Each structure stands twice: as structure tokens, then as C-alpha cells.
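The values are calculated or read from the model by the stated rules, or taken from the named source; none is laboratory data. If you're wondering where the values come from, they're calculated on a predicted model, not measured in any experiment. Cβ placement follows ideal geometry from the backbone for every residue including glycine, while neighbour counts extend to all protein chains displayed. Each accessible area value is taken on the protein alone, full model and side chains, heavy atoms only, with ligands, DNA and RNA left out. Shrake-Rupley method; radii C 1.70, N 1.55, O 1.52, S 1.80 Å.
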Amino acid sequence: MTAMTDSPTDSPIGKPADNPAGKPADNPAGKPAPEGRALSLAIGDRRRGRPEPSLDDPVFHISDLDVWYGDHQAVRDVTMTMGRRQITAMIGPSGCGKSTVIRCLNRMNDLIPGARVTGKVSYHGENLYDAEVDPIEVRRRIGMVFQKPNPFPKSVYDNIAYGPRVNGMKGNLDDLVEEALTSAALWDEVKDKLKSSALALSGGQQQRLCIARAIAVRPEVILMDEPCSALDPIATARIEDLMAELAADFTIVIVTHNMQQAARISDYTAFFTADVDTEGVRHGRLVEYDTTEKIFENPADRRTEDYITGRFG
């Protein structure tokens, strides 16, 4: 297999003409949401000073995505586009396919026995699932931070230096470590502990270390699968502030069960739910995808409003 194109931004994805945000055209519930505010939240609190949401410069386009685990179809018919240097939040009840979809963006589902992906996931116009695409290179360009902090049982320094060493990156490693830790708002807290075990850090510090480790290999995209679910409110606020800062340089996709978090930090929000077929089997489905302001203040689908106002989920 060959590596991906060296300069992905030279071949941008074309925005779909009819449905740029990937919003499903139908409303199976048959109940349009009423006009007016759906949920009173501090929408965009951490978006201040950032450009207006836009899909004019797409990074990902997902088209007709289906994901199977063995004989079970976990996700059905997802289509959506994600813009460069935007924060896209995926929300919805447990079991609706959010984590499955985000793992498709850097082929992490390849590592799950029996997983199968159909449809198309394009990154700057290149299908990530083409046979000649190297999944290792995909994961270098599209990094991931998981729900539970998972630092290596090494020093703080070696956690950050590991990726650049493995990838054969050139340059001063000390400078690279400092740059990554500074970008993750952690340098001042650990600069005197670089040779100490990363496992001695607090949970919030460990999660920022994992973000710094992802940044160190210089990806374009950072995927975050519930990165704050195991953290206290203070540590969560630090991570949210960090995401807002990182959006100036990175495209971020986040899965979260915290609707207030999605409202505060994201540019676009995708609401997923689980449909039950005639045999009683649940399948994840994208219900609505739009700007975060539209989703939280005037959603187009009654199911979106019911979820964000706590009527179900």
C-alpha cells in the first residue's frame, strides 16, 4: 500500500450542491420543530473571536456511510460534510453510532474484528478506504484522543517524543516537545517534571498530555471521543478552552454526551439517534446536522428538539 498524497489541501473536497451540511431531507417523525428557542444555553461561549461557521473549505465528506459489526448494522446511511478549522460536535443518546462514525474518520474501526464500512469517507477529496491508502498515514494526519486518558507508562517527555521518533521527524526534539506541551496548555505545569512519570499527573493533566501527544506528530485533524467524560468540571473547562484555542490551527471533531459543551464550543452539531427496525434491532442514524446555533435554537426536526430539551435520551 502507498501513503496518501503529501499535500492533502491541494485537492479539496467539492461541497455537495444540494445538501452541503449533509442534512437528511426527510423527517420520518413527521413533526417539524416549532419556531423559537429550543434550549436556553450559552451558545458559542468559547467561539468568541473565531470566524463564522462555514463549510466553504471542506476537510471531510461522508456519503451514504454504513458500518457493520459482523451481521449487525450499527450505523445506517450517514451523509455530512465537515469544514477546515471548525469544531464539529456529535451528540445523541448512547448506542446511536456517534463513536462508530468518528472512528471511521481515521480508520480506527479497521482494528475491530468483523467491522465493515461501506459508502465513502473522503478526506480532501481522497477516499480514505481506497485500497492504496495507508491507514497508518491516515492516523498520523488525523489524530485521536480517547474518552479515558491513556498516557504511556513513560516520562512526560517520552510520551510527547514517542510519535515524532517513530515517524522519523527531523528537528530539535526538545523544541518539539515544548511546542506540543505549550499548545496543549500544559508546559508551565510540567516543564520541571519532564523526566517524571506521566502516570503521576492528574486526570485533567493526563488528558491534556494525550492532546499534546497527538499534536506532536503535526496532524491536520484531531478527533476527540468524549474527552471530558472522566474529568471534573474544572478540568473539563480547561479542555474546552484548549479546544477553542486549537481550532485556530486544527480541524476538531468531538463526540460528547454533554449538550452544554457542544453548545459552548462547536461550530456545527450533528444529532444522531437510534432507529429500531421491524425486527427490533437498533441502527444509528443521523437525524439533523447544521450550525450549532440552528440546532440548539431552532432545530428542523422534532426529535432533535425533544433530545436537547430532555424529553428523551
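The figures follow:
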| quantity | calculated |
| --- | --- |
| Segment His257-Met169, length gained on full extension (0.36 nm per residue, minus Cα span) | 28.1 nm |
| Fully extended contour minus Cα-Cα distance, from Asp56 to Asp71, at 0.36 nm per residue | 1.7 nm |
| Probe 1.4 Å - accessible area at Lys98, Å² to nearest ten | 10 Å² |
| Spread of Cα-to-Cα distances over 5 Å intervals beginning at zero, given as percent, for region 167-313 | 2, 8, 16, 18, 16, 13, 10, 8, 6, 4, 1, 0, 0 |
| Diffusion coefficient, µm² s⁻¹, Stokes-Einstein with Kirkwood Rh over alpha-carbon pairs of region 60-119 at 25 °C and 0.890 mPa s | 203 µm²/s |
| About the Cα centre, charge dipole magnitude for region 119-255 (Lys/Arg +1, Asp/Glu -1 at Cβ), debye | 420 debye |
| 10 °C / 1.306 mPa s Stokes-Einstein diffusion coefficient of region 200-270, Kirkwood radius on C-alpha pairs, µm²/s | 127 µm²/s |
| Pairwise centroid distance, computed over Cα atoms, of region 79-143 with region 234-313, Å | 17 Å |
| Relative packing of peptides 275-284, 179-188, 212-221 - highest average C-beta neighbours within 10 Å first | 212-221, 179-188, 275-284 |
| Projected-area average for region 156-241 over all orientations - Cα convex hull basis, square nanometres | 5.6 nm² |
| Thr182 versus Arg311: modelled label distance in nm, points set 7 Å from Cα along the beta carbon direction | 5.1 nm |
